[in-house]
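Notes follow once the structure below has been shown.
Since every read-out is calculated from the coordinates, none of them should be taken as a lab result. Fair warning: this is a prediction, and the values are worked out from it, not measured in the lab. Every residue, glycine as well, gets a Cβ built from its backbone with ideal geometry; the counts of neighbours run over all protein chains shown.
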Amino acid sequence: MSEVESFLSASEEQEIVTAILEAEKDTSGEIRVHIEASSSKDHFKRAQHLFHQLKMDNTRQRNGVLFYVAVHDHKFVILGDYGIDHVVPDDFWNSTRDIMQNHFKHGDFKQGIVEGVLSAGRELKAHFPWRSDDRNELSDEISKA
């Protein structure tokens, strides 16, 4: 079993997808989680590439959030699109990172990702509330490479 496949159990992955569904429930925002073993690129640049590859920069309100995890490298990036990045409080991304990092330090990767996703969802709801013409623009499944 690959490092990516063994990083989370099937039930842990389902808990993360459930958190994504909950976080997106009352917002037009889109959240994705991408997991891969490692990257030869700078992790932030890799997350930017994936953001585009996953079409997260094509949302109507530019309010997508990507949680990128490089398992072997012990690195993760939270990347928000233009719309969300310009309305969240200045310390939002750092405080979300700190919440996740605290769980990761204790080996609780699933809970770290869930807490990060739910935190992003609260901010998305505050700034991009759901409207009757909103639709789920992107898959809620975890992507892997």
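A compact table of results
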item	result
Tabulated pairs, region 1-14, first surrounded by 12 or more Cβ atoms within 10 Å (Cβ to Cβ), second in a helix (DSSP H, G or I), C-beta under 7 angstrom, 6+ apart or interchain	7/109; 8/109; 8/110; 12/110
Spans of helices (runs of 4 or more DSSP H) in region 71-145 with at least 3 residues among the basic types (Lys, Arg)	109-127
Filter result for the condition that a residue is surrounded by 15 or more Cβ atoms within 10 Å (Cβ to Cβ), in contact with an Asp or Glu (Cβ under 7 Å, 6 or more places away or on another chain) and of a type in the set (Asp, Glu), over 123, 137	137
Residue that is surrounded by the fewest Cβ atoms within 10 Å (Cβ to Cβ) [pool: residues in region 69-101 that are closer than 18 Å to residue 40 by Cα and more than 11 Å from the chain's Cα centre (by Cα)]	74
Qualifying residue in region 42-53 (condition: in a strand (DSSP E or B), within 19 Å of residue 139 (Cα to Cα) and small (Gly, Ala, Ser))	no
Hits in region 18-41 - residues which are in a strand (DSSP E or B) and either of a type outside the set (Val, Ile, Thr) or closer than 13 Å to residue 137 by Cα (or both)	27, 30, 31, 32, 34, 36
Inter-residue pairs, beta-carbon under 7 Å, first at negative phi and in region 88-112, second acidic (Asp, Glu), 6+ apart	88/123; 92/123; 99/115; 100/115; 103/115; 110/12; 110/15
